[in-house]
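The values are calculated or read from the model by the stated rules, or taken from the named source; none is laboratory data. Remember, it's a predicted structure, so these values are computed and weren't measured experimentally. Cβ sites come from the backbone with ideal geometry, for glycine too, and all protein chains shown count toward neighbours.
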């Protein structure tokens, strides 16, 4: 599982821009799965400087990416993209392991992990 998560060029460009704006250019992008949301699991994206022995680290488009070994099977094959529209832009996450997701698209569950669903 070297490239658990796939980052498109558009997403990589936006991530690099955000790193520069926030003076986080030496950080890694941490992609995580957290409990919560309407469907039980939610995604986390953030900058991190600390890699642990529980992390899988790989690089895409010049960005260091960190995923915990526990989250890796849930995120396997997940594609992170950035879409721009007249209403602004935003990241989209397409996880082939998700069997259900909420209307907002930020919460999901898999057949192996239901998480902790919350009321919306």
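Does residue 9 fit the bill of being surrounded by fewer than 15 Cβ atoms within 10 Å (Cβ to Cβ) and more than 14 Å from residue 79 (Cα to Cα)?
On the way: surrounded by fewer than 15 Cβ atoms within 10 Å (Cβ to Cβ): yes; more than 14 Å from residue 79 (Cα to Cα): no.
Judged against the criteria, residue 9 is not a match.
Could you please let me know if residue 103 is crowded, with 17+ Cβ neighbours inside 10 Å, at pLDDT below 95, in a loop (DSSP other than H, G, I, E, B) and over 14 Å from the mean Cα position of the chain (by Cα)? Write out each step before concluding.
Working: crowded, with 17+ Cβ neighbours inside 10 Å: no; at pLDDT below 95: yes; in a loop (DSSP other than H, G, I, E, B): yes; over 14 Å from the mean Cα position of the chain (by Cα): yes.
It is false that residue 103 is crowded, with 17+ Cβ neighbours inside 10 Å, at pLDDT below 95, in a loop (DSSP other than H, G, I, E, B) and over 14 Å from the mean Cα position of the chain (by Cα).
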### Message
Considering only residues that are within 15 Å of residue 18 (Cβ to Cβ) and in contact with a helix residue (DSSP H, G or I) (Cβ under 9 Å, 6 or more places away or on another chain), which ones fall in the stretch 45-76?
### Response
45, 47, 61, 62, 63
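Only one of these is part of a loop (DSSP other than H, G, I, E, B) and either on the phi < 0 side of the Ramachandran plot or in contact with a strand residue (DSSP E or B) (Cβ under 8 Å, 6 or more places away or on another chain) (or both): 53, 23, 59. Name it.
Details: 23 fails: either on the phi < 0 side of the Ramachandran plot or in contact with a strand residue (DSSP E or B) (Cβ under 8 Å, 6 or more places away or on another chain) (or both); 59 fails: part of a loop (DSSP other than H, G, I, E, B).
The unique qualifying residue is 53.
Taking the stretch 62-83 as the search range and keeping residues that are assigned to a strand (DSSP E or B) and without any contact (Cβ under 8 Å) to a residue 40 or more places away in the chain, which one is surrounded by the most Cβ atoms within 10 Å (Cβ to Cβ)?
Taking the stretch 62-83 and keeping what is assigned to a strand (DSSP E or B), we get 63-68, 78-83.
Narrowing the set further to residues that are without any contact (Cβ under 8 Å) to a residue 40 or more places away in the chain leaves 64, 66, 68.
On the way: 64: 15, 66: 24, 68: 16.
Ranking the qualifying residues of the stretch 62-83, first place goes to 66.
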